[in-house]
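Structure record follows, encoded as structure tokens.
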């Protein structure tokens, strides 16, 4: 375990899959770790390159591992997929992440601070609320019994009604 140079870490809710290789690419570590044992495991390891698939919780784990001296890189999920050799499971994902993180032309996601993540969350919530508001107004307009109309449509109908009333009055005055 002392000669590990690169680790692929597949994160999940409670069980994490670790795949580690040495300088020649031979598999040194292949194991499952629970959430409570993950940081303890990485504290025992010498400094190495750790690849994690980018998601919202990966930024937290990246910050924790960087605080323990490891070189952590986050990879977009679509860049890891081509390195899968067999069916998709946690062990195969960790192996693919380990393989992908060593590629020289790989693009990485920068690790976000908690403040950056909270701003991103606010933008996402605002976007979601705007979409929901649009959905609700469209649903009300499409309902069979409810008539929700714009002010412009109401004004146009009032103008038509006024014009019709004026025409009838004019006709009535002409005949009388």
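The values are calculated or read from the model by the stated rules, or taken from the named source; none is laboratory data. As the structure is a prediction and not an experimental result, all values here were calculated from the model. Quick reminder, even Gly has a Cβ in these numbers, built from the backbone with ideal geometry, and neighbours come from all protein chains shown.
Things to note:
- The criterion of at least 3 residues that are more than 21 Å from the chain's Cα centre (by Cα) and exposed (fewer than 14 other Cβ atoms within 10 Å of the Cβ) is met by the following strands (runs of 3 or more DSSP E) wholly inside the range 3-63: 27-34.
- Within the range 64-92, restricting attention to residues that are without any contact (Cβ under 8 Å) to a residue 12 or more places away in the chain and not in a helix (DSSP H, G or I), the residue that is nearest to residue 104 (Cα to Cα) is 85.
- Residue in the range 116-126 that is part of a helix (DSSP H, G or I) and more than 30 Å from residue 12 (Cα to Cα) present: no
- Residue that is modelled with pLDDT of 90 or more, within 26 Å of residue 114 (Cα to Cα) and in contact with a strand residue (DSSP E or B) (Cβ under 9 Å, 6 or more places away or on another chain), where the choices are 21, 27, 72, 4: 72
- Checked against (1) in a helix (DSSP H, G or I); (2) surrounded by fewer than 21 Cβ atoms within 10 Å (Cβ to Cβ); (3) in contact with a helix residue (DSSP H, G or I) (Cβ under 9 Å, 6 or more places away or on another chain), residue 100 passes all but a single condition, namely (2).
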